[in-house]
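The values are calculated or read from the model by the stated rules, or taken from the named source; none is laboratory data. Keep in mind that what you see is a predicted model, and the values were worked out from it rather than measured. Because the Cβ atoms are built from the backbone with ideal geometry, glycine has one as well, and the counts that use them run over all protein chains shown.
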Amino acid sequence: MRQQSSGIRFDGVSVTYGGTTALDSLTLTVEPGEVMALLGPSGSGKTTALRAVAGFVRPTAGRVFIGGRDVTDLPPYRRGIGMVVQQYALFPHMRVEDNVAFGMRARKVPKRELPARVAEALDMTGMAAYAKRYPRELSGGQQQRVAIARALAVRPDVLLLDEPLSALDARLRSGMLAELARLHRDLPDVSILYVTHDQIEALTLADRIAVMDQARLRDVGTPQDLYRRPRTEFTASFVGNANLLPVTVGAEPGSLSFGRAELKVAPQDLASGVTATLCVRPHLVGLGDGPNSLTGEVTEVQWRGSTHRLHVDVDGHRVKADLRELREPPALGERVTVHFAPEDAVLLSAGVGAGEGSHG
């Protein structure tokens, strides 16, 4: 499945419906062979962006390019795309092999080529043994593989995935994440645009993540960069779980005040007296005395199998600590001390907020 061209470029793309802006001036490039996840809450504009690439919505402003070719005015079938949607959209009256061949027939692929290309796509997705079955005879995970096979059979320049795992249970979702990662390795030339609201899917699959909110692009970077060194409060809270603590920058380099506590972080170019937000991931917070110690009252203890999550009230602010399973976890109301290393904290300038950390 060699590709002639791939890559996606949004050049100032906006989409409006009536008086509502669904996508606001998106400028973003997906490199050839790259997996780009569009991550954001419902209504953030991520699915609208994907549908603009597919040709299902018309941009109000801006242009869409695939492989350097302006496709803004082209119908979907001429854009060289494959697409998988949430509910798979398989034809119930067609066998698996006919579902996979459907897109190729629509594109007028010569009839003699169909069997080999159907077999190739089913083999790539591990569904070769199910070619004669009907969708009703397949599990949810198997139906999803058929939908992916159908998208791959047209040999797309780009593959568009719109929440493709949302209908699967947790076990199937985990297995399909591994399968999608393998497919990406097998198709190194295909650019993939992957829409999801699930941070684990984005962190697992994507080469880069574009964080969307309120119809706008808020941040973009590698999963490691966005997780370890987020640039905004929204990114910190949506890409992973975060403690977001209001602090005041002190006179000494790297010194901060949080309530009555004095903290130390890597020095940043922020003026003394400026308010900012300190981001610390819960798994980097330890129990007991140490650098950057904070003392407070335990308000919640959650057992998560291999870990315990403690919620500690420190001067009216909740601090979460994810700890290796404790033999004797502290009791509710007990006063404890938690700590974190200066190098494990990220200081965010005030201005772009999303409230207290979010997921998981």
### Query
Has the stretch 245-260 got at least one residue that is over 22 Å from Thr29 (Cα atoms) and aromatic (Phe, Trp, Tyr)?
yes
### Query
What pairs come up if the first residue lies in the stretch 148-168 and is in the same structural domain as Thr48 (by TED's automatic domain parsing) and closer than 15 Å to Ala101 by Cβ, the second is assigned to a loop (DSSP other than H, G, I, E, B) and hydroxyl-bearing (Ser, Thr, Tyr), and their beta carbons are under 8 Å apart, counting only those six or more places apart or on different chains?
Ile148/Thr125; Ala149/Thr125; Leu152/Thr125
## Note on the structure
Conditions (1) within 15 Å of Asp344 (Cβ to Cβ); (2) surrounded by 13 or more Cβ atoms within 10 Å (Cβ to Cβ) -> Ala266 fails only (2)
### Message
I'd like the residue in the stretch 255-274 that is charged (D, E, K, R) and in a loop (DSSP other than H, G, I, E, B) and, out of all such residues, is farthest from Val338 (Cα to Cα).
### Response
Asp269
### Task
Return the total of residues in the stretch 125-140 being in contact (Cβ under 8 Å) with a residue 24 or more places away in the chain and either surrounded by fewer than 18 Cβ atoms within 10 Å (Cβ to Cβ) or in contact with a Pro (Cβ under 6 Å, 6 or more places away or on another chain) (or both).
8
### Matching residues, the stretch 74-107, being of a type in the set (S, T, N, Q) and either farther than 17 Å from Ala128 by Cα or free of Cβ contacts under 8 Å to residues at least 40 places away in the same chain (or both)
Gln86, Gln87
### Message
Pairs please, first residue from the stretch 328-355 and surrounded by fewer than 17 Cβ atoms within 10 Å (Cβ to Cβ) and modelled with pLDDT under 95, second anywhere and assigned to a loop (DSSP other than H, G, I, E, B) and among the hydroxyl-bearing types (Ser, Thr, Tyr), Cβ atoms under 8 Å, 6+ apart in sequence or on different chains.
### Response
Val352/Thr232
### Message
Being surrounded by 18 or more Cβ atoms within 10 Å (Cβ to Cβ) and either modelled with pLDDT of 90 or more or over 28 Å from the mean Cα position of the chain (by Cα) (or both) is true for just one of Leu187, Leu122. Which residue is that?
### Response
Leu122
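Residues that are within 14 Å of Ile192 (Cα to Cα), at pLDDT below 95 and over 19 Å from the mean Cα position of the chain (by Cα): which strands (runs of 3 or more DSSP E) entirely in the stretch 1-89 hold 2 or more of them?
81-84
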### Message
Tell me whether the stretch 234-241 contains one or more residues that are modelled with pLDDT of 95 or more and touching a Phe, Trp or Tyr at 6+ places or on another chain (Cβ under 7 Å).
### Response
no
### Query
Within the bounds of the stretch 275-293, is there any residue that is hydrophobic (A, V, I, L, M, F, W, C) and not in a strand (DSSP E or B)?
yes
### Query
Of the conditions (1) out of contact with any Ser or Thr (no Cβ under 9 Å at 6 or more places or on another chain); (2) under 18 Å from Arg145 (Cα atoms), Leu183 fails just one. Which one is it?
(1)
### Query
In the stretch 211-234, is there at least one residue being in contact with a helix residue (DSSP H, G or I) (Cβ under 7 Å, 6 or more places away or on another chain) and among the small types (Gly, Ala, Ser)?
no
### Query
Here are Met212, Met176: which of them is surrounded by fewer than 23 Cβ atoms within 10 Å (Cβ to Cβ), touching a Leu at 6+ places or on another chain (Cβ under 8 Å) and among the aliphatic types (A, V, I, L, M)?
Met176
### Query
Which of the residues belonging to the stretch 81-94 are of a type outside the set (A, V, I, L, M) and surrounded by 17 or more Cβ atoms within 10 Å (Cβ to Cβ)?
Gly82, Tyr88
### Query
Which is within 27 Å of Ser44 (Cβ to Cβ), touching a residue at least 40 places away in the same chain (Cβ under 8 Å) and surrounded by fewer than 21 Cβ atoms within 10 Å (Cβ to Cβ), of Arg228, Arg260?
Arg228
